[in-house]
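Input: a single structure, listed below in structure tokens.
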Amino acid sequence: MTIMQVAAEIDALAEVFRKEGVKSFLEIGSKFGGSLERLASAMPVGSRVVSVDLPRGTRAWPQSEAELKATVSKLRLKGYDTHLIWGDSTAPDVIAQVRALGPFDAVFIDANHTTPYLWKDWENYGSIGKIVAFHDIAWHRAPDWKEGVRIDVPEFWHVIKFARKRVEEFRFCPTGKNNGIGVLWRS
Ligand SMILES: C[S@@+](CC[C@H](N)C(=O)[O-])C[C@H]1O[C@@H](n2cnc3c(N)ncnc32)[C@H](O)[C@@H]1O
């Protein structure tokens, strides 16, 4: 299983799932299925697991498509009520398919990390989750960094966590400038 996470951070989120008794989980952005499988393992068998990912959206598509499909099959065999929705998370038909399977005890948003998408995913899916988590809240580069795609999660997270009754942050990357998971409780 390929997972794109700092192990201690995803383990901490899995522990939140366990403590909160999460039985329905939506992940926006699953890539190889690593975090999907890790978080599902913190939920009772029979729980609902829904994954949304963009076909051909990112590098390593042939590998990620095969691995994600295999992860979903494995979860189904274990007895999880698992659904895989291919498409852009902001597309109306994708939103409708997800909403038909919701609401969710927990939502993990780890797809397009730029500001417009973060706001859309938060509006479309944050509203149907009791607990909402984001990846890459601790990502940090110099302002003139031009080597890769933008990651706007830290600024976004700083705004939406404001004035929440309950928030937890897991920032365990050894360099201090990568990854990080933020979790908020909507009520
Ligand atoms: C960082 S990876 C997810 C990693 C995974 N959560 C893990 O930790 O193992 C981001 C994924 O989001 C998907 N993605 C990017 N933009 C998307 C969009 N607009 N709609 C749906 N999925 C998207 C990409 O295809 C990619 O597989």
Task: Evaluation of residue 79 against (1) on the phi > 0 side of the Ramachandran plot; (2) within 12 Å of the ligand (Cβ to nearest atom) (one fails), failing number - done: (2)
TODO: Go through the residues of segment 145-154 one by one and say whether even a single one is more than 16 Å from the ligand (Cβ to nearest atom), open to solvent by less than 60 Å² (accessible area, probe 1.4 Å) and outside any loop (DSSP other than H, G, I, E, B).
DONE: no
- [ ] Taking the residues in segment 103-140 that are near the ligand (Cβ under 9 Å from one of its atoms) and part of a helix (DSSP H, G or I) as candidates, determine which candidate is surrounded by the most Cβ atoms within 10 Å (Cβ to Cβ).
- [x] 121
- [ ] State yes or no: is residue 172 touching a residue at least 40 places away in the same chain (Cβ under 8 Å) and either touching a strand residue (DSSP E or B) at 6+ places or on another chain (Cβ under 7 Å) or not in a helix (DSSP H, G or I) (or both)?
- [x] yes
Task: Subset of segment 3-16 [within 13 Å of the ligand (Cβ to nearest atom), open to solvent by 10 Å² or more (accessible area, probe 1.4 Å) and under 14 Å from residue 182 (Cα atoms)] - done: 5, 6, 11
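The values are calculated or read from the model by the stated rules, or taken from the named source; none is laboratory data. Just so it is clear, the model here is predicted, and its values are computed rather than measured. When we count neighbours, we look across all protein chains shown, and the Cβ atoms used for this are built from the backbone with ideal geometry, even at glycine. SASA here: full protein model, heavy atoms, side chains in, ligands and nucleic acids out. Shrake-Rupley method; radii C 1.70, N 1.55, O 1.52, S 1.80 Å.
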